[in-house]
Amino acid sequence: ILLLVGELLTGLWQEDFHLRLNEGETRHFAESYRDNELALVAATDPKFDEVVSIPEEMLAGKSAVQNPKLPFRVVPKIYYPNSLFQLRGADSPPAIATAGIGQRILVTPQPVTYRPKEQNLPAAFVEIAAADRSLGVFLVSPQLDAAQEFTHEGRTWRISLRPRRIYQPYSLTLLKFSHDRYAGTQIPKNFSSRLRLNTPDGRDDREVLIYMNNPLRYGGLTFYQAGFENNDRTTILQVVRNPSWLFPYVACVLMSLGLLVQFGIHLVAFAGRRRPASVNPPALA
C-alpha cells in the first residue's frame, strides 16, 4: 500500500528540472523541462537584475497582468501552446508584432504533442502597455535565443519566454567534468561532475562529486548526473524535487520486517515440532 501511495504522490508532486554548467560557471537556479515563464528583467543596474516572472498559464488566460514592480501592464494578445516559426515572405499576412524580432517571423500554430520524445514550442504575442501609450507588441518564445529589449522611463527592460526557473539560496560551480572511457575504446566508463557548493553566509562551502548512482541531496533537491555536451566541457544535471521520496524506502523496510517476522514464526513453529529421536534398548530374546 505504501509503495502504491508513494507512486501516486510522486506522480502528483515530483518536479523535474535541469541544470547546465560549463566548467568554471556558477549558477544558483535550475530550469524546468516543460514549464515556461514570461520574464521581464530590469537590466539598468550593472550589479544585479530585477526579475518579474509571469507563469505561462496567465499568458494562456489572456488577462492583463499588473505587477507592483512593473511600471506598465502586460497584456497577452495571442498564445499558442505549440508553434512553428518561419521567416516572413512577401505574401505573408500582416505581422501581429509591432516591435522586436517578431516583425520578421511568421508564426503558425501546431497541434499539441504528447509524445515523450517530442517537445511543444509555445509562442505568445504580448503587448507592453504604459499609462498613456503602447510600448509595442512582442513575440516571445523559447525558440528565440536572445531576450528583446525596450526602454520605458529611462530604464532598459528585457522580455523573453524562457523555461521556468527555481532559485536556491546556494550556488553550484562546476570545477571539472570527467568522461572516462575504457582503455583502447570509446565505450563510456564513468561520468562525474566535481562541483563546489557554496552558501552566501559561508556556512557551507565544500566540494561535492556527482556521478552515476551517486546523486547530491541538498536543500530538498536531488542532483543526478544526466548527460554532457560541448566536448566534455559542459555537464547536464537532472534536478528532482520529490517530497515523497522516502515512501519507497519505508515500504521496503516494512516488507523486510514482515518477511523476517513471517519466516521467524514458521521457523519457531518448525523447531517446536521437532523432537529428539529416542534411543530404545534392543529387545532381549
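The values are calculated or read from the model by the stated rules, or taken from the named source; none is laboratory data. Keep in mind that what you see is a predicted model, and the values were worked out from it rather than measured. In this analysis, Cβ positions are derived from the backbone assuming ideal geometry, glycine residues included, and neighbour counts consider all displayed protein chains. Just so you know, the surface numbers come from the protein's heavy atoms only, side chains and all, with ligands and any DNA or RNA stripped out. Shrake-Rupley method; radii C 1.70, N 1.55, O 1.52, S 1.80 Å.
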Would a scan of region 185-204 turn up a residue that is touching a Leu at 6+ places or on another chain (Cβ under 9 Å), free of Cβ contacts under 8 Å to residues at least 60 places away in the same chain, more than 15 Å from Arg20 (Cα to Cα) and outside any strand (DSSP E or B)?
-> yes
Given the conditions (1) surrounded by 17 or more Cβ atoms within 10 Å (Cβ to Cβ); (2) more than 24 Å from Asp45 (Cβ to Cβ); (3) of a type in the set (Phe, Trp, Tyr), which single one is not true for Trp157?
-> (2)
Residue pairs meeting the criteria (Cβ under 6 Å; at least 6 apart or on separate chains; first touching a residue at least 40 places away in the same chain (Cβ under 8 Å) and open to solvent by less than 90 Å² (accessible area, probe 1.4 Å), in region 6-21; second among the basic types (Lys, Arg) and not in a helix (DSSP H, G or I)) | Glu15/Arg241
Does region 53-66 include one or more residues that are crowded, with 17+ Cβ neighbours inside 10 Å, among the hydroxyl-bearing types (Ser, Thr, Tyr) and farther than 16 Å from Trp157 by Cβ?
-> no
From the option list Leu139, Leu135, single residue qualifying as outside any loop (DSSP other than H, G, I, E, B) and touching a helix residue (DSSP H, G or I) at 6+ places or on another chain (Cβ under 7 Å) is Leu139
Would you mind stating whether Arg241 is among the basic types (Lys, Arg), closer than 30 Å to Glu7 by Cα and surrounded by 12 or more Cβ atoms within 10 Å (Cβ to Cβ)?
-> yes
Checked Asn36, Asn120 against criteria (open to solvent by less than 70 Å² (accessible area, probe 1.4 Å), assigned to a loop (DSSP other than H, G, I, E, B), modelled with pLDDT of 90 or more and not small (Gly, Ala, Ser)); the one match is Asn120
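Looking only at region 49-69, decide whether some residue is in a loop (DSSP other than H, G, I, E, B) and of a type in the set (Asp, Glu).
Yes.
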When Ala146 is run through (1) more than 20 Å from Arg233 (Cα to Cα); (2) outside any loop (DSSP other than H, G, I, E, B), the failure sits at (2)
Flagged in region 151-209 as over 23 Å from Leu221 (Cα atoms) and basic (Lys, Arg), in numbering order, are Arg155, Arg158, Arg181, Lys189
Is there a residue being assigned to a strand (DSSP E or B), within 17 Å of Glu149 (Cα to Cα), open to solvent by less than 70 Å² (accessible area, probe 1.4 Å) and modelled with pLDDT of 90 or more anywhere in region 94-103?
-> no
Flag if Tyr167 is open to solvent by 30 Å² or more (accessible area, probe 1.4 Å), over 30 Å from Asp205 (Cβ atoms) and among the aromatic types (Phe, Trp, Tyr) = no
Any idea how many residues of region 207-226 are under 13 Å from Asn242 (Cα atoms), open to solvent by less than 50 Å² (accessible area, probe 1.4 Å) and free of Cβ contacts under 8 Å to residues at least 24 places away in the same chain?
-> 1
Please enumerate the residues belonging to region 176-189 that are open to solvent by less than 60 Å² (accessible area, probe 1.4 Å) and either farther than 27 Å from Ala226 by Cα or at pLDDT 90 or above (or both).
-> Phe177, Ser178
Region 233-259: number of residues that are farther than 17 Å from Thr26 by Cα and not small (Gly, Ala, Ser) = 16
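Across region 81-93, what is the number of residues that are loosely packed, with under 15 Cβ neighbours inside 10 Å and either under 32 Å from the mean Cα position of the chain (by Cα) or part of a strand (DSSP E or B) (or both)? Break it down into steps so the answer makes sense when it comes.
Within region 81-93, the first condition is being loosely packed, with under 15 Cβ neighbours inside 10 Å, and the residues that meet it are 84, 86-87, 89-93.
So of that shortlist, the ones also either under 32 Å from the mean Cα position of the chain (by Cα) or part of a strand (DSSP E or B) (or both) come out as 84, 86-87.
Qualifying residue count, region 81-93: 3.
Working only within region 211-228, note down all residues that are closer than 14 Å to His18 by Cα and either among the hydrophobic types (A, V, I, L, M, F, W, C) or not in a strand (DSSP E or B) (or both).
Matches in region 211-228: Pro215, Leu216, Leu221, Phe223, Ala226, Phe228.
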